[in-house]
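Just so it is clear, none of the values below were taken in a lab; they were calculated from the coordinates. Everything numeric here is computed off the predicted structure, so don't read it as measured data. With ideal geometry, Cβ positions are generated from the backbone for all residues, glycine too; neighbour counts draw on all protein chains shown.
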Amino acid sequence: VRVGSAHDGGYPMCANLLAGIEAAYSYGIGGNDDWGCQISRAHKVPVHQYDCFNPASAPCAGADVRLNVECVGIRQETIDGRPFDTLANQIARNGDAGKRIVVKMDIEGGEWPSLMSAPDAIFEHIVQMPMELHGTDTQDVLDGIRKLKEHFYLVVVHFNNWECTGKNAPFPNFAYQVLLVNKNVGTPGEPRRG
């Protein structure tokens, strides 16, 4: 099922694996979090929104969204006047450690250091993680993909189609959306024929 906006800001997710989630995290809201609104309304859970660059949150009637003017990073610190903290610290601070959660992340390349610095135990409780990933040919991208694949099945890959050039060959673009499903929760089926 598509969750969020019809275009940028919408992500495919496994509807059958959303039952029983206890909280959600939306990183990089950019003034619009249709994903968080829909998750909160449909599953009656709080959505913790994080953005220190464009933290404005659009109204979201009937949802429990909690805006945090903070970004996710590799440690608790302030960079250029913007507060950052780790994924583990933010989840613990909200009382969600050990709970079944979903995490959406679209933070324009900041995902790699943030994920690499997260302890493996954090990933045990993330049921699904729709993300926009950035980059294709650097060591941090390769290391990040390897770490994610230890804990998650890669279910969907969709390359951004706003610009297709040969400079990212063999990939059509440097930015792509993925859906990751926790290996402890999902069971991969046979690929469809064709």
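What the table shows:
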read-out: Anisotropy class of region 23-102 from Cα gyration tensor, a/c 1.5 cut; value: oblate
read-out: Region 124-148 residues near the modelled Phe159 label - backbone nitrogen below 13 Å, point 7 Å along Cα→Cβ; value: 135-137
read-out: Counting DSSP beta bridges with both ends in the chain, the antiparallel % (nearest 5); value: 50 percent
read-out: Antiparallel bridge percentage (DSSP; both residues within region 13-105; nearest 5); value: 15 percent
read-out: Sequence-distant residues sharing a close amide H with Val156 (under 5 Å, placed H); value: Leu179
read-out: Global form of region 1-54, assessed from the alpha-carbon gyration tensor, a/c cut-off 1.5; value: oblate
read-out: Cα-projected label distance for Thr78 with Arg41, points at 7 Å along beta-carbon direction, nm; value: 3.7 nm
read-out: Point-to-point label distance, Glu22-Glu124, nm (Cα→Cβ direction, 7 Å offset); value: 1.3 nm
read-out: Region 91-140-region 39-84 distance, computed between alpha-carbon centres (Å); value: 14 Å
read-out: Mean Cβ neighbour count within 10 Å, used as a protection proxy, ranking 56-62, 68-74, 94-100 highest first; value: 68-74, 94-100, 56-62
read-out: Stretch gain in nm, segment Arg2-Arg93, where the contour uses 0.36 nm per residue and the Cα spacing is subtracted; value: 29.8 nm
read-out: Net charge contributed by nearby residues that have their C-beta within less than 14 Å of Lys147 (K/R +1, D/E -1); value: -3
read-out: Lysines whose Cα lies under 20 Å from that of Lys44, excluding same-chain neighbours fewer than 8 positions away; value: Lys99, Lys104
